[in-house]
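**Student:** Below you will find the structure I want to go over with you.
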Amino acid sequence: MTSRDVDGLLKKGRAYAGRTKYKEAIAYFDKALSLDPANPEAWNFRAGVFIETGRNTEALADCERAIALNQNFADAWIKKGHALYNLGRFEDAVVACTRALALNGNDASAWYIKGVCLDELGRNDEAGEAYGKSLELEIILDMEAEKRKIGKYPA
Amino acid sequence: MKTEIPLSKPIRQFIRVTETLLDTEISLLRNPEADPNGTLVDVYTYNIDKNVILFPVHYMGLLKDFIIARHCIRLLIKGAAVKKSRYLVCSYTKNSMYKGIHQIYIDALKDEAKKERKLPVIKLIRMLNILYTSFNDDINELPWNPITNARIYHRMPSIRKTQLYYLMKESKKDMDEMKEYEDIIPRRYFVLNKSMFYARDQYLAKTLPADELMPVINIPQMKKFNHLEVKEMLTTRWTHTSWYQSKIFGDAMLEIMEKYLQKIDWNAEDTIDYFYDIYQSGVLMTNHFISYMSMKDWFVWESPQHLQEVQLKKAEYEHEALKKIFGDLIGESPGDFTSES
């Protein structure tokens, strides 16, 4: 087994996930994990597919594994927040998103999930702040997408 | 609705209200190919079991929520029309398309007579088809835009800033539409097209109180709008463009818009009767626009399925209309000069 083999499997898994072929994607991530269980990316990718398919408890477990392997893995913290939100554990989701944002403050979805959870908890002012930050980042992303579309600069 | 996509509380509640009132189901789908305005694929238009709202992948937060809110309102209007009576759209027939294309041709000839550089016949013919289709698309969309925006503004304060960004973007896009064809399109239609969008922007600028719609000033790209009210943002841009001559017509269209929309209580309770009343106001407003633009013979109110069927026959209808106007200049096969060629 080489790291190139694992990378190849992860790439294929992501390609399937992008085309919403989740069963195939999970099969590739499973294979990658059987070859390299210490790969946090693999746990994180599989967590993403589990979230998409409503398997939030399994997603949460995968996020925990990814984070155990790399405490500073921002994306795994965001997915953990997302899975916790879907499980209705809003307090825990806010904690996970806050950690994700400490590692990467420019993630629109982390701000948004945090806002949604704070809203659910009735912490309206804090929710408003989180939504505001999320919108700023989303608008920047949208403007960049528009520019790419009209060919101002390459993708 | 069953989704793993995070949604803000008001949107989740609004989707639930929509589903309950219409006794239907809504699915949300992220799609890399989705139109930036999102797309509503609904049971009242297409032969499907449940409604789908598609939106771009990079819309992950409030932009997505805004798109969903807009499409839910459209869905409620369509569904209420179906439940209370019939849902109709502006469609066309072979004959109405001929009348529309013929009218554009007559107006184009008047404009061409004044020009030094004449438009090549092929370009002229293609313009006739494209312009007719463009007005059909716009008349089916535009009147519902101020309705959905006003409703969102009054009932969903948490997404007002998102709405502002969207309106600015949409207004700019609509203002620039057809710009490259300015010298080709008969002046009358260019001005009418711009006037519709001008009226919409003016209506929204008046309806949406500016103080709550201050731009998100932390965004560098939007800094130039800092300290500007939304009214100024929507109106000043028009006055600084060559479309300002659309003002006279646009003001008249604004009056039409206000006539029908001022009757709507934007804070009323969500019921089928309420959305049916909105549907009727939208239809009356559309009819008034059509009449104002002298396009009464161009379109017919028909089912969305009728519109889909005639869209499949569009090339054939265009060909027949052109044969009637230009005679032997037009070949026997559809497609030589049609808008799709």
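None of the figures in this text is laboratory data; all of them are computed from the coordinates on show. In this text, all values refer to a predicted model and were calculated from it rather than measured experimentally. Counting neighbours? That spans all protein chains shown, and the Cβs are built from the backbone with ideal geometry, glycine included.
**Student:** Evaluate the distance, in nm, between pseudo-label points positioned 7 Å from the Cα of B:Thr3 and of B:Asp35 along their respective Cα→Cβ axes.
**Tutor:** 1.8 nm
**Student:** Oh, and also: Out of B:Ile147, B:Leu192, A:Ile26, whose Cα points farthest toward the positive end of the dipole of the protein assembly as shown (charges: +1 Lys, Arg; -1 Asp, Glu; placed on Cβ)?
**Tutor:** Toward the positive end, the furthest listed residue is B:Leu192.
**Student:** What dipole magnitude, in Debye to the nearest 20, does the protein assembly as shown give about its Cα centre under +1 on Lys/Arg Cβ and -1 on Asp/Glu Cβ?
**Tutor:** Details: 69 positive and 70 negative charges, 115 e Å.
Dipole of the protein assembly as shown, to the nearest 20 debye: 560 debye.
**Student:** Which FRET efficiency value, to the nearest 0.05, is calculated for B:Val300 and B:Lys169 with the Förster distance at 41 angstrom and r the Cβ-Cβ distance? Mind showing how you got there, number by number?
**Tutor:** Details: r = 33 Å, r/R0 = 0.80.
The value I calculate is 0.80.
**Student:** Assuming R0 = 25 Å, what is the FRET efficiency of B:Asn47 and B:Arg16, from their Cβ-Cβ distance, to the nearest 0.05?
**Tutor:** Calculated transfer efficiency: 0.50.
**Student:** Using the Cα gyration tensor of the protein assembly as shown, with a ≥ b ≥ c the square roots of its eigenvalues, what is the shape: rounded (a/c below 1.5), prolate (a/b larger than b/c) or oblate (neither)?
**Tutor:** Numbers: a/c = 1.98, a/b = 1.69, b/c = 1.17.
Prolate shape, in that a/c is at least 1.5 and a/b is the bigger ratio.
**Student:** Rounded to the nearest Å, what's the spacing between the alpha carbon centres of segment B:95-141 and segment A:1-19? Just the number, please.
**Tutor:** First find each Cα centre; the distance between them is then 53 Å.
**Student:** Let me ask another. Which one of A:Arg123, A:Arg65, A:Arg14 has the biggest mean-square fluctuation once chain A is modelled by GNM with Cα springs under 10 Å?
**Tutor:** Largest GNM mean-square fluctuation: A:Arg123.
**Student:** Using only the alpha-carbon atoms, how far is helix B:62-84 inclined from the longest principal axis of chain B? Give it as 0 to 90 degrees, nearest 10.
**Tutor:** It works out to around 70 degrees.
**Student:** Per DSSP helix of 4 or more residues, -39500 (n - 2.57); summed, then divided by the residues of chain B. What does that give at 222 nm, rounded to the nearest 500?
**Tutor:** Values: 12 runs with 197 residues, N = 341.
Result for chain B, helices only: -19000 deg cm²/dmol.
**Student:** Distance in nm between label sites at A:Asn106 and B:Ile106, each 7 Å beyond Cα in the beta-carbon direction?
**Tutor:** The modelled label-to-label distance comes out at 5.9 nm.
**Student:** Something else now. Could you compute the net charge surrounding B:Ile11? Neighbours are other residues with a C-beta less than 12 Å from the C-beta of B:Ile11; K and R count +1, D and E count -1. Write down the numbers at each step before the final one.
**Tutor:** Numbers: positive: B:Lys9, B:Arg12, B:Arg16, B:Lys64, B:Arg70, B:Arg155; negative: A:Asp119, B:Asp65.
Summing Lys/Arg as +1 and Asp/Glu as -1 gives +4.
**Student:** Right, next: Considering Cα pairs under 8 angstrom that are at least six residues apart, work out the relative contact order of chain B and quote it in whole percent.
**Tutor:** Details: 410 pairs, mean separation 81.7, N = 341.
About 24 percent, as a whole number.
**Student:** Measuring from centroid to centroid over Cα atoms, what is the spacing of segment B:152-181 and segment B:1-65 in Å?
**Tutor:** 19 Å
**Student:** Right, another one. Exceeding 31 Å between C-alpha atoms, which entries from my cross-link table qualify? They are B:Lys115/B:Lys169; B:Lys84/B:Lys173; B:Lys110/B:Lys179; A:Lys12/B:Lys64; B:Lys78/B:Lys263; A:Lys21/A:Lys79.
**Tutor:** Distance filter (> 31 Å) returns B:Lys115/B:Lys169; B:Lys84/B:Lys173.
**Student:** Please name whichever of A:Gly48, B:Val52, B:Met257 sits farthest to the positive end of the charge dipole of the protein assembly as shown, dipole taken about the Cα centre and charges placed at Cβ: Lys and Arg +1, Asp and Glu -1.
**Tutor:** Farthest towards the positive pole: B:Met257.
**Student:** Determine the sum of side-chain charges near B:Leu142: Lys and Arg each +1, Asp and Glu each -1, restricted to other residues whose C-beta is under 10 angstrom from that of B:Leu142.
**Tutor:** Computed value for this residue: -3.
**Student:** In the protein assembly as shown, what % of DSSP beta bridges are antiparallel (nearest 5)?
**Tutor:** Looking only at bridges with both residues in the protein assembly as shown, the antiparallel portion is about 55 percent.
**Student:** Quick check: the distance between the Cα centres of segment A:22-74 and segment A:76-138, to the nearest angstrom?
**Tutor:** 20 Å
**Student:** What dipole magnitude, in Debye to the nearest 20, does segment A:3-149 give about its Cα centre under +1 on Lys/Arg Cβ and -1 on Asp/Glu Cβ?
**Tutor:** Charge dipole of segment A:3-149: 660 debye, to the nearest 20.
**Student:** Taking R0 as 51 Å, what FRET efficiency do you get between B:Lys259 and A:Arg19 from their Cβ-Cβ distance, rounded to the nearest 0.05?
**Tutor:** 0.55
**Student:** Quickly work out the B:Lys313-to-B:Arg187 label distance, labels modelled 7 Å from Cα along the C-beta direction, and quote it in nm with one decimal.
**Tutor:** A separation of 3.8 nm, rounded to one decimal place.
**Student:** By DSSP, what percent of the beta bridges with both residues in segment B:1-147 are antiparallel, rounded to the nearest 5? The partial results should precede the final answer.
**Tutor:** Values: 3 of 8 bridges.
Approximately 40 percent, going by the DSSP bridge assignments.
**Student:** With +1 assigned to the C-beta of every Lys and Arg and -1 to the C-beta of every Asp and Glu, and no other charges, what is the dipole magnitude of segment B:242-313 about the Cα centre in debye, to the nearest 20?
**Tutor:** So the magnitude is around 420 debye.
**Student:** Can you tell which of B:Lys99, B:Lys64, B:Lys173 shows the greatest fluctuation in a Gaussian network model of chain B with Cα springs below 10 Å?
**Tutor:** Per the Cα network of chain B with a 10 Å cutoff, B:Lys173 tops the list.
**Student:** Taking the Cβ of A:Arg65 as the center, what net charge do the other residues with Cβ under 14 Å away carry, scoring Lys and Arg +1 and Asp and Glu -1?
**Tutor:** Spelling it out: positives minus negatives among the neighbours equals -4.
**Student:** Quote the Stokes-Einstein diffusion coefficient, in whole µm² s⁻¹, for chain A, based on the Kirkwood radius over alpha carbon pairs, a temperature of 10 °C and a viscosity of 1.306 mPa s.
**Tutor:** Working: Rh = 16.4 Å.
This corresponds to a translational diffusion coefficient of 97 µm²/s.
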